Amino acid sequence: MSRPGLWERLRGSARVTVVSAPPGSGKTVLLRSWIGEAGLGERAAWVLVGRDERDAQRFWLSVLGALRQTVPGSVLVRALTAAPDLDGWAIVEWLLKDLAPLEGRLWLVIDDLHELGSDQARRQLELLLMRAPPELRFVLATRHDVRLGLHRLRLEGELTEIRADDLRFTAAEAGALFQAAGVQLAGPALALLHERTEGWAAGLRLAALSLAGHPDPERFAAGFSGSERTVAEYLLAEVLDRQPTEARRLLLRTSVLERVNGELADLLTGGPGGVRVLQDLEEANAFVVSLDAARSWFRYHHLFADLLQLELRRTEPGEVAALHELAAGWFAGHGFAVEAIQHAQAARDWGLAAQLLADHWPGLHLGGRTATVHVLLAGFPAEARAADAELAALAAADELAHGSLEAAERYLGLAERGLEGVVGSVPVPADRRGQALVLLVVVRLLVARQHGNPPAVAEEARRLRALAETLDATQPGLGEELRALALVSLGITEFWAARFEEAERHLDEGVTLARRIGRPFLEFSGLVYQAGIELFRSFTRAAERSRQAIELAERQGWTDDPVACYAYSILADVPAWQGRPEEAEAWWRRVERTIRPEAEPVAALAVYHVRGRVELARGRDTDALAAFRAAERLAGHLAAEHPLATATRAWLVHALVRLGETEPAEQVLVGQGEPDRDRGEMRIAAAALRLAQDDPRAATATLTPVLDGSAPVGWRSWLVAAFLLEAIARDAIGDQAAAGRALERTLDLAEPDGRLLWFMLYPAPDLLERQARQRTAHAALIAQILDLLAGPEGYGGMGSSPRLAEPLSHSELRVLRYLPTHLSAPEIAGELTVSTSTVKTHMRNLYAKLGGHSRAEAVERARALGLLAPSAHL
């Protein structure tokens with residue numbers, strides 16, 4: 001393999017280069033390839049130290065012989081023969097004298113230096129390193145560092161060190177190695193092999209040899225481990241069998257651990273000195289890796305760990321479960337809950353594992369570690385989850401996060417029956433009832449929150465706060481955590497009920513408490529819904545708070561958590577409202593990655609609601625209609641009528657009006673009960689429909705209660721629509737003064753946050769241009785709206801284009817939308833439920849106003865004016 005970066009380091013200016021790495025790291029191959037690539041064959045002396053070499057004279061004679069085989073050495077270095085009185089010190093002095101006149105570089109490569117077992121020979125080598133002429137360069141290859149006093153060279157900048165991390169193959173180099181071996185691997189399989197081998201050269205090479213001609217390379221890669229025969233044989237011979245008895249016992253018995261320290265090693269081996277053995281193994285590059293600067297925690301190379309576990313099962317099969325039990329107890333006692341649970345599961349002690357998980361679940365859940373809990377629960381057999389009330393409660397919470405409400409409620413029922421001692425269920429032991437009750441109340445709270453059931457959330461939050469008070473005396477930390485969860489949950493529920501003052505109060509308290517007790521996931525959840533409250537006040541503050549929540553999620557690794565979904569949707573909603581729908585798309589891609597309608601119906605309802613607005617802003621009315629219908633279906637699955645339900649149906653009417661579907665829009669209105677039809681949002685939608693039906697007087701009558709406040713709306717953005725439609729209706733009636741006053745009020749409401757979406761849905765360029773010529777406080781905003789309407793992706797609507805000599809009527813616009821289709825005039829009449837003669841009259845008027853002599857020319861002109869979407873074929 002060509003490794004030019006390492007070759008460059010070998011040919012650097014340092015007098016001594018040390019290549020120190022475990023066996024199979026490619027040290028020898030690297031050095032030989034470098035010598036060949038650099039053309040140093042005649043100027044490089046190669047010495048291979050024999051296994052456990054303890055004869056200093058023999059070592060130095062091999063050094064002298066290797067130097068004499070080089071071009072410079074053959075001239076300068078005299079020959080010596082073995083003799084009883086020949087001393088290594090004398091040989092070194094002899095070499096120093098002979099090489100003193102050396103001109104030009106001469107390289108002395110000593111491979112397997114770790115095998116040099118003679119202390120005298122090592123001290124003599126140190127003397128040569130320090131006193132050699134500057135043109136003599138040394139390359140020392142070793143499996144572990146050898147004591148040679150190299151610290152002085154390091155301080156002088158005369159030492160280059162190439163270690164295991166440098167020799168590890170990158171993913172690209174691993175791919176090149178497999179290609180050179182004639183093995184074609186798909187990207188995921190290659191990545192898996194690279195991860196399993198950790199870039200270890202021998203592991204990759206052995207995998208390549210095994211894969212050559214293999215009928216299913218992907219399957220082989222998925223199962224590749226240190227127990228694979230060729231890898232196991234290599235690691236046994238080169239690593240494990242070379243260890244003394246004490247180290248071998250420690251390695252085998254601690255191989256059940258993902259990480260180990262000295263105390264754990266002593267516990268599992270039953271003897272002292274574990275930390276010393278681990279540190280010695282790490283120094284020896286025996287596939288033991290330190291995990292911290294203090295060198296107190298260690299792990300084993302993946303493949304080496306596989307081999308050790310195989311050997312443990314072969315030599316001490318009856319000890320494996322007991323070792324896991326010991327590890328579970330140690331980790332539990334030292335606050336490492338996840339590892340304790342995993343070892344209890346590995347020991348198949350399901351009772352201990354369930355108790356540990358139940359005890360630590362609140363902290364894991366409130367710490368945002370639902371994915372970890374999901375994995376831990378998957379480690380239990382299905383019958384254990386159903387038979388243990390506490391596990392059933394946790395399974396219910398897990399289904400909320402990763403499954404469905406229906407499954408969550410089934411598990412919740414099992415947990416409740418166990419706590420209540422129902423016949424046929426497994427009762428909760430008396431000493432566990434308090435803990436089980438905490439779990440049950442938390443899960444009930446979460447289920448009620450997902451159902452969108454404010455009374456149930458309030459009831460469970462009250463219970464949770466009462467439990468928190470009792471826990472303060474015994475578990476003060478848990479009491480505060482539960483109190484923070486109750487506050488944030490109440491705030492979220494009040495938010496969805498549109499009781500923003502109460503929501504803000506609870507969220508502020510909950511976020512402050514979560515921040516104080518160090519529970520960032522609760523803080524993150526609260527921040528997301530604080531952003532939702534701000535959306536109804538200030539787009540700028542809503543976006544800022546959403547980004548604050550997302551930055552916290554990015555620091556903690558929660559960017560794909562469903563809670564983040566609503567923050568992303570806010571950041572998509574704001575630019576859609578402000579006439580920049582293309583900016584919403586990047587955020588919407590994140591929404592699609594995190595949304596889970598089956599487990600988060602309330603949040604999903606809001607997200608589809610936003611999606612519909614984004615699609616309307618992009619002129620994709622059909623997609624908007626689909627999103628609003630999806631939101632409407634979700635609203636029907638909630639336990640109580642959601643405040644967004646009426647708003648969703650109102651938006652549904654707007655989407656239908658945009659599509660010219662007036663009859664279905666009318667049906668939606670008729671299907672509402674009297675109270676809902678009288679709400680402000682539905683009245684605004686009804687007014688839009690009346691305008692589409694060429695009945696502006698009915699539109700103004702419908703809007704009157706909204707404008708005088710007797711039919712209030714929950715959001716200022718709806719008032720923008722109300723006054724805009726009032727202006728359009730008054731202008732159609734011929735009351736230009738009233739139209740101007742309504743339009744000015746529209747602009748007053750729209751300008752602070754740049755709420756331009758309604759102008760895109762119901763464009764009124766003639767009105768805006770007339771307003772700009774009169775006394776208005778919003779000339780710049782009018783210019784911005786007109787530029788938006790005249791843009792390359794102009795929006796068809798109920799108004800007209802500023803470039804038309806005569807505006808189109810609402811009925812003409814309805815017919816215009818069908819001109820790009822292949823429908824005939826009678827078919828269009830059937831779609832609009834009007835007569836064929838009426839459609840033909842509108843078509844003649846359209847041709848005249850658009851300056852076209854045919855249907856195709858009229859369509860082309862309408863697209864140029866932004867009255868129709870651009871052709872899909874452009």
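The values are calculated or read from the model by the stated rules, or taken from the named source; none is laboratory data. This is a predicted model, so every value here is computed, not measured. We place every Cβ from the backbone using ideal geometry, glycine too, and count neighbours over all the protein chains shown. Side chains included, ligands, DNA and RNA excluded: accessible areas come from the protein's heavy atoms. Shrake-Rupley method; radii C 1.70, N 1.55, O 1.52, S 1.80 Å.
Per-residue ellipticity at 222 nm from helix content only, as computed over the chain with -39500 (n - 2.57) for each DSSP H run of at least four residues, stands at -20500 deg cm²/dmol.
Shape of region 709-768 from its Cα gyration tensor (a ≥ b ≥ c, root eigenvalues): rounded if a/c is under 1.5, otherwise prolate when a/b > b/c, or oblate? Oblate, since a/c reaches 1.5 and b/c is not below a/b. Summing charges over neighbours of Thr702, with a neighbour being any other residue whose Cβ is under 9 Å away from its Cβ, gives +2 when K and R count +1 and D and E count -1.
Along region 117-125 the Karplus relation, 6.51 cos²θ - 1.76 cosθ + 1.60 evaluated at θ = phi - 60°, assigns HN-Hα couplings of x, 8, 4, 4, 4, 5, 5, 5, 5 Hz to successive residues, with x for each Gly and Pro. Cross-link partners for Lys840 among the aspartates and glutamates, with Cα-Cα distance under 12 Å and sequence neighbours closer than 8 places in the same chain left out: Glu812, Glu827. Rolling a 1.4 Å probe over the heavy atoms of the protein chains gives region 575-697 an accessible area of 37 Å² per residue. If the segment from Met130 to Gln69 were pulled out straight at 0.36 nm per residue, it would be longer than the present Cα-Cα gap by 19.6 nm. Taken over the C-alpha atoms, region 261-311 has Rg and Dmax values of 10.8, 30 angstrom. Toward the positive end of the charge dipole of the chain, with +1 on the Cβ of Lys and Arg and -1 on the Cβ of Asp and Glu, the farthest Cα among Trp60, Thr836, Leu192 is that of Thr836. Projected onto the charge dipole of the chain (+1 at Lys/Arg Cβ, -1 at Asp/Glu Cβ, origin at the Cα centre), which of Leu377, Ala461, Phe298 gives the Cα projection farthest towards the positive end? It is Phe298, whose Cα lies furthest towards the positive end. Compactness of region 491-593 is given as radius of gyration and Dmax, 13.2, 41 Å, from Cα positions. Size descriptors for region 407-519, from the alpha-carbon set: Rg then Dmax equal 15.0, 47 Å. Here the spin labels are modelled as points 7 Å beyond Cα on the Cα-Cβ line, and at Glu469 and Ala79 they lie 10.1 nm apart. In the full protein context, region 117-227 carries 46 Å² of accessible surface per residue, based on a 1.4 Å probe and ignoring ligands, DNA and RNA. Magnitude of the charge dipole for region 109-178, about its Cα centre and with charges confined to Cβ atoms of Lys, Arg (+1) and Asp, Glu (-1), is about 220 debye. Label reach from Ala780 (point 7 Å along Cα→C-beta): in region 741-772, amide nitrogens under 13 Å belong to 751-754.
Protein heavy-atom surface of region 303-416, 1.4 angstrom probe: 54% of the accessible area is carbon and sulfur, with nucleic acids and ligands not counted. Tell me the angle of helix 56-68 to the major Cα principal axis of the chain, expressed in degrees between 0 and 90 and rounded to the nearest ten. So the inclination is approximately 70 degrees. This model, with +1 at the C-beta of Lys and Arg and -1 at the C-beta of Asp and Glu, gives the chain a dipole about its Cα centre of some 1520 debye. Annotation for Trp7 and Glu666: the two label points, set 7 Å from Cα along the Cα-Cβ direction, are 8.3 nm apart.
Projecting the Cα positions of Ala386, Leu364, Pro429 onto the charge dipole of region 298-448 (unit charges on Cβ atoms of Lys, Arg, Asp and Glu, taken about the Cα centre) puts Leu364 furthest along the positive direction. Listed by chain and number, the aspartates and glutamates whose C-alpha is less than 13 Å from the C-alpha of Lys27, apart from same-chain residues fewer than 8 away, are Asp111, Asp112, Glu161, Asp165, Asp166.
Protection proxy ranking, highest mean first, for peptides 428-436, 856-864: 856-864, 428-436, where packing is the per-residue count of other beta-carbon atoms within 10 Å, averaged. With all protein chains in place and a 1.4 Å probe, the accessible surface of region 6-75 carries 49 percent carbon and sulfur. Please compute, over every Cα-Cα pair in region 379-437, the percentage with a separation greater than 17 angstrom. Cα-Cα pairs in region 379-437 separated by more than 17 Å: 32 percent. Helix 201-211 axis versus longest C-alpha principal axis of the chain: approximately 70°, rounded to the nearest ten.
Database remark: amide H of Gly226 closer than 5 angstrom to the amide H of Asp306, Leu307 (H placed geometrically; neighbours at sequence offset of 5 or more, or on other chains; Pro and chain starts carry no H). Taking 0.36 nm per residue of separation and subtracting the current Cα-Cα distance, fully stretching the chain between Glu554 and Ala322 would add 79.5 nm.
The alpha-carbon atoms of region 1-97 define a convex hull whose volume equals 122 cubic angstrom per residue.
Each Lys and Arg Cβ is given +1 and each Asp and Glu Cβ -1; about its Cα centre, region 298-383 then shows a dipole of about 220 debye. Each listed q (0.17, 0.22, 0.27, 0.34 Å⁻¹) maps to a log10 I(q)/I(0) for region 810-852, found by the Debye formula over equal Cα scatterers with no solvent: -0.38, -0.64, -0.95, -1.36. Taking the accessible area of region 640-693, probe 1.4 Å, and keeping the other protein chains in place, the carbon and sulfur fraction comes to 50%.
The label point for Arg633 and the one for Arg314, both projected 7 Å from the Cα toward the Cβ, are 5.7 nm apart. A simple packing score, the average count of other Cβ atoms within 10 Å per residue, orders the peptides 401-412, 376-387 as 401-412, 376-387, with the highest score first. Taking the chain as the reference, fit the longest principal axis to its C-alpha atoms, fit the long axis of helix 389-402 to the helix C-alpha atoms, and give the angle between the two in degrees, 0 to 90, nearest 10. Compared with the principal axis, the helix lies near 70 degrees. When DSSP beta bridges are restricted to pairs lying wholly in the chain, around 20% turn out antiparallel.
When its C-alpha radius of gyration is set against 2.2 N^0.38 Å (N residues), the chain gives a value of 1.34.
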